[in-house]
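Take a look at the structure below.
The values are calculated or read from the model by the stated rules, or taken from the named source; none is laboratory data. Everything numeric in this text was worked out from a predicted model, so none of it was measured. FYI the Cβ positions are ideal-geometry reconstructions off the backbone, even for glycines, and counts take in every protein chain you see.
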Amino acid sequence: MSRDTDFNLLDDPWIIVLGPDGRERPVSILGLFDDASDLVAIGGEVPTQSFAVLRLLLAFLHRAIDGPRDTDEWKTLWQAKELPLSEIRRYADRVRHRFGLFDARSPFFQVPDLHTGKNEVSGLEKIVADVPNGEPYFTTRSASSLKRIDAAEAARWLVHVHAFDPSGIKSGAVGDPMVKSGKGYPIGVGWSGQLGAVWPESGSLRETLLLNLIAQDVANYVRIGGPDDLPPWERAVDDARGQQEPPRPPRGAIDLYTWQTRRVRLAGDRDGVTGVVLANGDRIVPQNRQGDEPHTAWRHSEAQSSKHKTVVYMPRGHDPERSVWRGLAALLPSVSSHRVSRSGAPQRFLAPGVLNWVAELVAEGVLPENYKPRLRVCGAAYGAQNATYAEIVADVLPLPVMLLREDRPAAGQTAESAVASAENVARLLAHLAENLAQAAGALPDSRPGARSDSGPADRAREALFSTLDAPYRSWLGELTPESDLTAALARWQSTLLTRSRPLADALVTAAPPAAWTGRTIRGRLVTVALARVWFDAALRTTLPLAHPTVPDKALVETTR
């Protein structure tokens with residue numbers, strides 16, 4: 001196919017970007033690099049799409065400059081007014097033949113002759129993530145819009161499907177020895193779909209790319225840019241064979257940024273794409289990839305550690321039911337260090353490598369301590385057997401970089417303490433709701449430590465977090481290197497006090513008459529009045545900086 005009839009991702013617009021005027025427009029890869037200083041962010045049909053495209057661009061940029069090798073090289077890039085365009089264009093000329101979307105011999109991110117035994121081609125719902133697979137009525141798209149999409153949109157979904165495709169049975173590609181009875185049996189979701197994606201984002205797309213462009217000399221928390229850490233466009237074109245057992249380990253971060261989870265062939269041409277062949281590709285297991293994957297936090301898994309007879313960390317995904325700030329401690333290097341604890345016990349969490357990188361830039365004086373990028377997160381939550389999309393998570397949080405520094409952990413610990421205080425107040429409010437429900441007649445759970453009635457408790461807990469969401473983000477964003485951290489924590493505890501008391505009042509007001517008379521539960525009388533006294537006493541203990549006096553210990557004991 002000639003260059004006139006092909007669609008080349010380096011030259012043809014396909015990436016959705018946001019300009020400073022708030023308008024979206026498509027650009028090519030080279031167009032994005034050219035204008036990166038004047039662009040704000042990468043967009044797309046869904047938030048996970050922008051993350052997948054960002055990582056593709058990072059892989060390209062790392063290879064174009066063969067670096068940065070160290071902090072000094074990175075500092076030179078940061079201080080420049082634009083990206084190193086001459087190096088980028090030289091590299092683009094070298095690899096341009098691998099970026100044709102419909103190239104006959106090496107179509108981008110595809111297998112040129114991929115086919116099934118019956119030459120079936122699936123509908124576009126197989127790769128378009130905003131159409132739930134098998135649930136076409138739960139989408140804003142019309143049925144006709146899925147019959148054909150333009151080449152630019154097809155390119156975006158192609159990048160996305162490798163990163164986030166659900167598990168489940170795929171087309172059985174001819175030539176794949178793992179196919180059985182014409183079917184490709186599940187190998188898991190795309191690599192990025194296994195992550196709780198986290199990345200720093202700044203005022204311009206140039207700065208965002210550079211903040212995520214980790215130097216090669218930081219192998220203590222991420223391995224990137226080695227001689228075999230190559231993207232697919234610098235390797236031989238894949239054939240239909242998926243990864244054999246055992247699956248190969250990743251060769252570095254660039255390899256993971258562009259991991260080929262599927263084997264794909266788009267059916268169409270520059271004028272439009274009408275279908276897709278989607279088969280299994282390279283399987284990857286998530287255990288202990290923290291040395292290669294910088295865009296997620298990691299959690300210690302006792303179950304996996306026991307199974308593998310070694311310390312195992314797994315990617316820490318995002319909970320769709322929780323705002324990102326509630327899990328902030330796992331994201332901060334100042335709290336969740338990659339270093340071995342003094343006791344030798346595994347750390348509960350490991351912070352994302354990219355945030356360790358930003359912390360290092362601050363510690364070395366390359367970035368100022370008062371610098372405040374945003375922390376962007378996204379992730380996919382999957383349905384039964386991980387075979388469908390259930391929900392896409394997206395959030396953003398102000399990120400004063402002073403929170404990240406391991407050598408000055410006080411700010412990060414203050415932010416963590418503020419979250420812990422919020423969790424404790426939510427627990428107290430939930431306990432008040434349980435006591436009121438029991439006073440009105442709800443039966444307590446006989447199991448030790450179990451909640452008696454999770455409905456009222458859960459509603460009370462979530463009501464508090466809903467009212468705290470905006471205040472916490474505002475409080476966090478106001479922290480500066482000059483902040484009095486004790487005074488800042490006192491302000492937050494005062495916010496918790498003023499936000500929780502009206503919710504407690506509402507619970508008391510809604511209690512039925514029977515709750516005022518109360519009942520004896522496990523040998524103790526529980527009434528509305530007593531439940532409120534216990535709540536207020538425990539609140540004074542939990543929020544000492546918001547109360548000038550010490551609570552009555554006897555009252556606190558009755559709440560335990």
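Among the residues of region 176-192, some residue qualifies, meaning at least one is hydroxyl-bearing (Ser, Thr, Tyr), under 19 Å from Ile284 (Cα atoms) and either under 25 Å from the mean Cα position of the chain (by Cα) or assigned by TED's automatic domain parsing to the domain that holds Leu331 (or both). Those strands (runs of 3 or more DSSP E) of region 174-288 in which 1 or more residues are more than 29 Å from Phe7 (Cβ to Cβ) occupy 197-201.
Suppose we keep only residues that are more than 15 Å from Leu30 (Cβ to Cβ) and surrounded by fewer than 18 Cβ atoms within 10 Å (Cβ to Cβ) within region 76-96. Which one would you say is nearest to the chain's Cα centre (by Cα)? Looking at the filtered set, the residue picked out is Trp78. The residue list Val277, Val312 contains one member that is within 23 Å of the chain's Cα centre (by Cα) and among the hydrophobic types (A, V, I, L, M, F, W, C), which is Val312. The number of residues in region 68-105 being of a type in the set (Phe, Trp, Tyr) and either under 15 Å from Val358 (Cα atoms) or touching a Cys at 6+ places or on another chain (Cβ under 9 Å) (or both) comes to 2. For region 508-521, the set of residues classified as over 11 Å from Ala440 (Cβ atoms) and within 44 Å of the chain's Cα centre (by Cα) consists of Val508, Thr509, Ile521, listed by residue number. Would you be able to say whether some residue in region 9-27 is outside any loop (DSSP other than H, G, I, E, B) and among the small types (Gly, Ala, Ser)? Scanning region 9-27 turns up no residue that is outside any loop (DSSP other than H, G, I, E, B) and among the small types (Gly, Ala, Ser). Among the residues of region 1-58, write down those that are touching a strand residue (DSSP E or B) at 6+ places or on another chain (Cβ under 9 Å) and polar (S, T, N, Q). Within region 1-58, Thr5, Asn8, Ser28, Thr48, Gln49, Ser50 meet the criteria. Whether any residue in region 276-283 is without any contact (Cβ under 8 Å) to a residue 60 or more places away in the chain and not β-branched (Val, Ile, Thr) is what I want to check. Looking for residues that are without any contact (Cβ under 8 Å) to a residue 60 or more places away in the chain and not β-branched (Val, Ile, Thr), one finds at least one in region 276-283, hence yes. Looking across region 493-547, just one residue is within 19 Å of Glu434 (Cα to Cα), touching a helix residue (DSSP H, G or I) at 6+ places or on another chain (Cβ under 9 Å), surrounded by fewer than 17 Cβ atoms within 10 Å (Cβ to Cβ) and hydroxyl-bearing (Ser, Thr, Tyr), and that is Thr517. Among the criteria (1) more than 23 Å from Glu293 (Cβ to Cβ); (2) part of a strand (DSSP E or B), the one Gly379 does not fulfil is (1). On the given criteria, is Phe33 of a type outside the set (S, T, N, Q), in contact with a Leu (Cβ under 7 Å, 6 or more places away or on another chain) and either modelled with pLDDT of 95 or more or assigned to a helix (DSSP H, G or I) (or both)? Judged against the criteria, Phe33 is a match. Scanning region 382-419 for residues that are touching a residue at least 24 places away in the same chain (Cβ under 8 Å), part of a helix (DSSP H, G or I) and more than 27 Å from Leu209 (Cβ to Cβ) yields Gln385, Asn386, Ala410, Gln413, Thr414, Glu416, Ser417, Ala418, Val419.
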